[in-house]
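Taking it in order: structure first as structure tokens, then the write-up.
Computed from the coordinates by the stated procedures, all read-outs in this text should not be read as laboratory data. The structure presented is a predicted model; accordingly, all values stated were derived computationally and were not measured. Positions of Cβ are generated from backbone atoms using ideal geometry, with glycine treated the same way; all protein chains shown enter the neighbour counts.
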Amino acid sequence: MKKVLIACILIWLLTACTGDQRMTDTPTQDPAGLQGTESAQVTVDPGAGHTVVPTQTLPPVSTWTAVPTIEHTRPAIETPTAEAACDQAAAGHPIDVTIPDGTVMAPGEAFSKTWRLENVGTCTWTTLYALTFFSGNSLNAHQVNYLPAEVEPGEVIDVTVDVEAPMTVGSYQSNWMLSNPNGELFGIGPNGDAPFWVQIEVAYTVTSTPQPTATVTSTPVVYLSGSADLGDGDQFDLDAGELNPTDATQADFVYQNGSDPTHIMMTMNGTVWGVFAETEPTLGDCDDVDLTGNAISFTDVPAGMYLCYQTSDSLPGWMLIVGFEDAKLAVRFLTWAVQ
């Protein structure tokens, strides 16, 4: 009985296992069926159980526009117009009228150097302009020599200085320029700031060298002339014809009225003078007058009396005492442009 029960249980177990196997077998589908299934899935309404993502419209890409090439044109170079200087000189033709460079001189030999200069500035050179020593060896010359005449722009003038060779053998150069009434120096060259010069050789054995002959004017050149009325304490500059100059060191004499004697004239700054006569003197006459720095005084005005003088700038001349009226002493004067 027990064996029959065990056999029945085994048979039941075998039957149950076979049924389960049949249920787990995967059915086989044909290709046509699978294809239809895919189509059905594709055509399924997207709204059923799916969230639709909205399509985003992208902005159009901007088109690049080429920047036109800027043509850079260099502006024409303008040459600045140089403003002409008021005071400027240029070398004349020739500049060395006498004593070319390298001229041999004996020790202590006196000579005259003449340059020819042209006024290439815009201002007139008046007789207050001067040939002025600048540098080097002065060669024992007067360092300020006023021009003998006015020189308009474009005109030429010969200027001369009296010099003397040194006593020692050697080579010497004396540099000169022009100066205006303000004492400002100017010369030649592109910038008008270069001096002109005299250059000599001093030697004991002198070889004769022909020299150009300077033109000598028989009549001395008048540098300045005029008249003035002097009151008590007035000063006067005979080099500039100026009454009571701002710079008292330029005054040549002072007049005092009301003292004892009544009229007194006293020299200033190295001026010397002397009484000549009642006739107008020449330069030669004044050269013969004994000049001193003594004061000239008088009780009665010697109207018509001439005095010879040499100014503080070493210029010769004469002064005429005209008369006395309205507490003023009237005088006339003339200064020559020589030293």
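Laid out as a table, the results:
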| item | result |
| --- | --- |
| Residues of the stretch 169-193 classified as closer than 15 Å to Gly136 by Cα and either among the hydroxyl-bearing types (Ser, Thr, Tyr) or in contact with a Pro (Cβ under 9 Å, 6 or more places away or on another chain) (or both), total | 6 |
| Which numbered condition Phe298 misses (of (1) among the hydrophobic types (A, V, I, L, M, F, W, C); (2) touching a His at 6+ places or on another chain (Cβ under 6 Å); (3) free of Cβ contacts under 8 Å to residues at least 24 places away in the same chain) | (3) |
| Residue match in the stretch 296-307 (condition: under 21 Å from Gly241 (Cβ atoms) and out of contact with any strand residue (DSSP E or B) (no Cβ under 6 Å at 6 or more places or on another chain)) | no |
| Residue satisfying all of: in the stretch 165-184; under 21 Å from Ala240 (Cβ atoms) and of a type outside the set (Ser, Thr, Tyr); surrounded by the fewest Cβ atoms within 10 Å (Cβ to Cβ) among these | Asn182 |
| Residues that are among the β-branched types (Val, Ile, Thr) and in contact with a strand residue (DSSP E or B) (Cβ under 7 Å, 6 or more places away or on another chain), drawn from the stretch 233-278 | Val254, Ile264, Thr267, Thr271, Val272, Val275 |
| Enumerated strands (runs of 3 or more DSSP E) restricted to the stretch 86-164, each holding at least 3 residues that are without any contact (Cβ under 8 Å) to a residue 60 or more places away in the chain, of a type in the set (Val, Ile, Thr) and loosely packed, with under 15 Cβ neighbours inside 10 Å | none |
| Strands (runs of 3 or more DSSP E) contained in the stretch 212-326 and holding at least 1 residues among the hydroxyl-bearing types (Ser, Thr, Tyr), at negative phi and surrounded by fewer than 18 Cβ atoms within 10 Å (Cβ to Cβ) | 222-230, 296-298 |
